Amino acid sequence: MLLTSKKIKKELKEKNYTIVPFPINEKKILESVQAFFKFLEEPTATKKSINFTISPNHRRGAVGYKIRDGQGDIYDDKKEFFHFHPAIFREYSDLLKKNDILRDFVLKALPIWEEAHQTLQNIFKVLEEEFPGAVKKIFKPGKDSHILLRFLNYNWKSSGECLAKPHFDAGSATLAIAESCPGLRIGSCPESLKFVDHKKEEAIFMLSSNYKNVLDTEELLPGWHDVVQMNKACIGKPYARWAVVVFVEAYGVKALSRRETHKWYGV
Ligand SMILES: [Fe+2]
């Protein structure tokens, strides 16, 4: 699969995403997800022991474990995730020596992050042809790039038809790497959402709400997306879902407000 600027632009214009090669064996990704679930069994204090930011300006800068309980929600749904960045090895070398489960998880996450870093570099190098300067807005030698690998786990006591509410991501671009079940829909607005067929060793690349900080154009649009439950028999029943996603942000950018990233939610 050859990446060309023409192909990427055409697909982003037509369907708001493009499929790119992601040559990591599915087994390796599943092993990293298993290590993530093992990490989730650790005591809360251990899970929260990694906590720093690679960018104080935007919401996606936080590295480490985060939990969001469905506050005030009668179903008490839980969403928890871990943002991986290789700076963890630099910042927490002593902790990693002591905690086998954490070390195993981050060591399995690293090659996936590295592949994502390479894939994003390939994409933006190709796009550089038409958008000069795009690469250095994300990648600078000797400086951490703001690329976070998110391992995400959702638990519903009673799941609905919509597993992820429709939204734009907050960064500049997103790479969807793997998920436990199909159901991701991408479009430009609520009316144009379409199911995406996600195959092994491929990733789904879409622009996010802040993409103009990298690609200065009105021609392309960010991917409005949600996740729906495709097995109707599961609706109303307990349900769990995991996903592995990468968020990338340009240097020195402030994230848009939630009002902007979720603007059509509820319509
Ligand atoms: Fe998203």
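The values are calculated or read from the model by the stated rules, or taken from the named source; none is laboratory data. Everything numeric here is computed off the predicted structure, so don't read it as measured data. Here the Cβ positions follow ideal geometry from the backbone for every residue, glycine too, while neighbour counts run over all protein chains shown. The protein model used for the area step is the full one, side chains on, heavy atoms only, and it has no ligands, DNA or RNA in it. Shrake-Rupley method; radii C 1.70, N 1.55, O 1.52, S 1.80 Å.
Listed by first and then second residue, the pairs linking a residue in region 223-248 that is of a type in the set (K, R) to a residue that is within 13 Å of the ligand (Cβ to nearest atom), with Cβ atoms under 6 Å apart and 6 or more places separating them unless they lie on different chains, are R241/Y154; R241/L163. So which residues in region 82-93 are within 22 Å of F247 (Cα to Cα) and part of a helix (DSSP H, G or I), if there are any at all? Listed by number, the residues that qualify are A87, I88, F89, R90, E91.
Name the one entry in V135, V126 that is in contact with a helix residue (DSSP H, G or I) (Cβ under 9 Å, 6 or more places away or on another chain) and under 30 Å from K27 (Cα atoms).
That would be V126, the only listed residue that is in contact with a helix residue (DSSP H, G or I) (Cβ under 9 Å, 6 or more places away or on another chain) and under 30 Å from K27 (Cα atoms).
So is K7 over 22 Å from the mean Cα position of the chain (by Cα) and closer than 23 Å to H225 by Cβ or not? Spelling it out, K7 is indeed over 22 Å from the mean Cα position of the chain (by Cα) and closer than 23 Å to H225 by Cβ.
Restricting to region 16-75, give me the number of residues that are aromatic (F, W, Y) and either touching a Pro at 6+ places or on another chain (Cβ under 6 Å) or modelled with pLDDT under 90 (or both).
Quick first cut of region 16-75, residues aromatic (F, W, Y) only: 17, 22, 36-37, 39, 52, 65, 75.
Add one more test, that the residue is either touching a Pro at 6+ places or on another chain (Cβ under 6 Å) or modelled with pLDDT under 90 (or both), and what stays is 75.
Matching residues across region 16-75 total 1.
For beta carbons closer than 7 Å, sequence separation of 6+ or different chains, a first residue in region 174-191 that is in contact (Cβ under 8 Å) with a residue 24 or more places away in the chain and a second that is more than 15 Å from the ligand (Cβ to nearest atom) and assigned to a strand (DSSP E or B), the qualifying pairs are R185/K194; R185/F195; I186/K194; G187/K194. From the set of residues in region 33-62 that are under 15 Å from the mean Cα position of the chain (by Cα) and of a type in the set (G, A, S), which is surrounded by the fewest Cβ atoms within 10 Å (Cβ to Cβ)? Ranking the qualifying residues of region 33-62, first place goes to A62.
With respect to the stated conditions, F195 is more than 11 Å from the ligand (Cβ to nearest atom), among the hydrophobic types (A, V, I, L, M, F, W, C) and more than 21 Å from P111 (Cβ to Cβ).
Under 28 Å from V63 (Cα atoms), modelled with pLDDT of 95 or more, surrounded by 13 or more Cβ atoms within 10 Å (Cβ to Cβ) and away from the ligand (no atom under 16 Å from the Cβ), is that true of E202?
Details: under 28 Å from V63 (Cα atoms): yes; modelled with pLDDT of 95 or more: yes; surrounded by 13 or more Cβ atoms within 10 Å (Cβ to Cβ): yes; away from the ligand (no atom under 16 Å from the Cβ): yes.
Yes.
Inspect all residues belonging to region 214-222 and state whether any of them is farther than 20 Å from I67 by Cα and in contact with a His (Cβ under 9 Å, 6 or more places away or on another chain). Let's see the steps before the verdict.
Taking region 214-222 and keeping what is farther than 20 Å from I67 by Cα, we get 214-222.
Adding the requirement that they be in contact with a His (Cβ under 9 Å, 6 or more places away or on another chain) leaves none.
So far as region 214-222 goes, no, none of its residues is farther than 20 Å from I67 by Cα and in contact with a His (Cβ under 9 Å, 6 or more places away or on another chain).
Residue-by-condition table, conditions (1) more than 14 Å from the ligand (Cβ to nearest atom); (2) among the polar types (S, T, N, Q); (3) assigned to a loop (DSSP other than H, G, I, E, B):
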position	(1), (2), (3)
I147	yes, no, no
R150	no, no, no
N153	yes, yes, no
G160	yes, no, yes
A164	no, no, no
D169	no, no, yes
T174	no, yes, no
I177	no, no, no
P182	yes, no, yes
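Restricting C234, C189 to those that are at pLDDT 90 or above and more than 16 Å from the ligand (Cβ to nearest atom) reduces the list to C234.
For region 94-106, a residue qualifies if it is part of a helix (DSSP H, G or I) and touching a residue at least 24 places away in the same chain (Cβ under 8 Å), and the qualifying residues are L95, I101, L102, D104, F105. When P132 is tested against (1) in a helix (DSSP H, G or I); (2) open to solvent by 30 Å² or more (accessible area, probe 1.4 Å), just one condition goes unmet, and that condition is (1).
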